[in-house]
Amino acid sequence: MKKLLAIAAALAALSPAAEARPYPDRLGICYQFKNGEFASRAPCVISTGYGAGAQYMTLTFNGKEYYAEYPNIRPNMPPTLDDKPALEYRRDTSFLDILKGKAIEGEEYMSCIKTKDGKLDLCYAYGS
């Protein structure tokens, strides 16, 4: 029995373990849109990290938490927002217009994610 436990412990030590690594929380400003139109803006806490095949982010503002997950084992899979398939996009920080194409160096924008059904649409910008 002791030999079996020793073998199991050795195998467990040698096998790769799934880890989650949170990064320090950051303060920012979060925006919510409804039907593509600005609905609210509030200070928020942006919590990010990675582990078990995905990167994750939680946006906490207006008394709610919104959870986004970005798969990195299968990069062709869409991100999810509150467990629903989602799309990423960018908005101009001044006029809140949706930006198309690749980001331009020096361009000021905020990152956004919305569910494919459009019911949940959030943007965030890190504080200075």
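The numbers here are math on the coordinates, done by the rules we state, and not lab data. Since we're looking at a predicted model, the values are computed, not measured. Positions of Cβ are backbone-derived with ideal geometry, glycine not excepted, and every protein chain shown enters the neighbour counts.
Brief remarks follow.
- Tally of residues being closer than 14 Å to Asp121 by Cα and either not in a strand (DSSP E or B) or not charged (D, E, K, R) (or both) across the range 63-85: 9
- For the range 86-95, the criterion of a residue being buried (at least 16 other Cβ atoms within 10 Å of the Cβ), in contact (Cβ under 8 Å) with a residue 24 or more places away in the chain, in contact with a Pro (Cβ under 9 Å, 6 or more places away or on another chain) and not in a strand (DSSP E or B) is satisfied by no position.
- Conditions (1) surrounded by 15 or more Cβ atoms within 10 Å (Cβ to Cβ); (2) more than 24 Å from Tyr23 (Cβ to Cβ); (3) touching a residue at least 60 places away in the same chain (Cβ under 8 Å): number failed by Leu99: (3)
- Residue under evaluation Met110, criteria (1) within 18 Å of Pro43 (Cβ to Cβ); (2) part of a loop (DSSP other than H, G, I, E, B), criterion not met: (2)
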